[in-house]
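Have a look at the structure below, then the notes.
The values are calculated or read from the model by the stated rules, or taken from the named source; none is laboratory data. Here the structure is a predicted model, which means the values were calculated and not measured. A quick note on method: Cβ atoms are made from the backbone with ideal geometry, for glycine too, and the neighbour counts reach across all protein chains shown.
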Amino acid sequence: MDRDELVAYLEEYLGVEGCPDASLNGLQVEGKSQVTRLATAVSCSVRFFQEAARWGAEALLVHHGLLWQGQVEPICGSVRRRLATLLAHDLNLLAYHLPLDRHPEVGNAAVLATKLGLEGLEPFGTFHGLTVGWAGVFGRPQPLDELARRLQLLTGQEPLVFPAQGQWVSSVGIVTGSGSGALNEAVETGLDALITGDPKEWLMHRAEEEGVHVLACGHYASERFGVQALGTHLEEKFGLEVRFFDYPNPA
């Protein structure tokens, strides 16, 4: 399909215009005008760019892009190598950060919530006036250790668990990536647990004192879901050949 048509569709589908972000969402580096193969990944890396080029991709789609608001730095080192690889292979680079986090169908938090079986999903995790996560309830309360086990199976990484009092979980808020700050909202709304990515140092004592279990799955592990779901959506809608490139990162 035409690259510009793909970019225009993604801008509307993900609601880019109404989503202020530190990321320069959309087409970050221009490449070939026609796209047949789309490679997806969570983050940029020279390794990903090279392997996607060998696969024959014309476009790359990531969650953590190469260009950010206010970014001013010399084109040296890793930045130079990444740009050189993209330009040498005439690759398009598309990036969608918060628009992909918060999307109700293919967003990181929404997909994880659905896989966990949460019901009655509502927007959750407000940062600078924008909700970037989702919260819901289980049909039947679950033991905390069972929820941790299921998260490990889904993310491929054992979560760090900061327990509060009690062992049963009925309601959960999810903000993937750097979502530890949503603990206050979880407390205010009376949730039993918060699932996030980054395990901040202060979470352990705050979780215990505020009475909200926190399960930190790792930034990367908690954000595999969005790009994969979006890739599947584009494959089904436009007939593109899509491949997800996975580079597990314990952080």
With of a type in the set (D, E, K, R), closer than 23 Å to Pro99 by Cα and touching a Lys or Arg at 6+ places or on another chain (Cβ under 8 Å) as the only criterion, which of Arg243, Arg224 stands out?
Arg243
Those residues that are surrounded by 20 or more Cβ atoms within 10 Å (Cβ to Cβ) and of a type outside the set (Asp, Glu), I need them from region 49-63; list them, please.
Phe49, Ala52, Ala57, Ala59, Leu60, Leu61, Val62, His63
Taking region 64-80, which residues are in a helix (DSSP H, G or I), surrounded by 14 or more Cβ atoms within 10 Å (Cβ to Cβ) and not aliphatic (A, V, I, L, M)?
none
Pairs under 7 Å by beta carbon, first residue at negative phi in region 2-23, partner of a type in the set (Val, Ile, Thr), six or more apart or different chains?
Arg3/Val35; Leu6/Val35
Among (1) outside the structural domain of Ser23 (by TED's automatic domain parsing); (2) surrounded by 12 or more Cβ atoms within 10 Å (Cβ to Cβ), the one test that Glu119 misses:
(2)
With touching a Ser or Thr at 6+ places or on another chain (Cβ under 9 Å), surrounded by fewer than 23 Cβ atoms within 10 Å (Cβ to Cβ), at pLDDT 95 or above and not small (Gly, Ala, Ser) as the only criterion, which of Val187, Val175, Val161, Val137 stands out?
Val137
Condition first: surrounded by 17 or more Cβ atoms within 10 Å (Cβ to Cβ) and over 14 Å from Leu61 (Cβ atoms). Now tell me which residues in region 1-44 satisfy that.
Cys19, Asp21
Residue that is nearest to the chain's Cα centre (by Cα) [pool: residues in region 57-83 that are under 17 Å from Ser43 (Cα atoms) and small (Gly, Ala, Ser)]:
Gly65
Within the bounds of region 120-141, is there any residue that is farther than 26 Å from Val106 by Cα and in contact (Cβ under 8 Å) with a residue 12 or more places away in the chain?
no
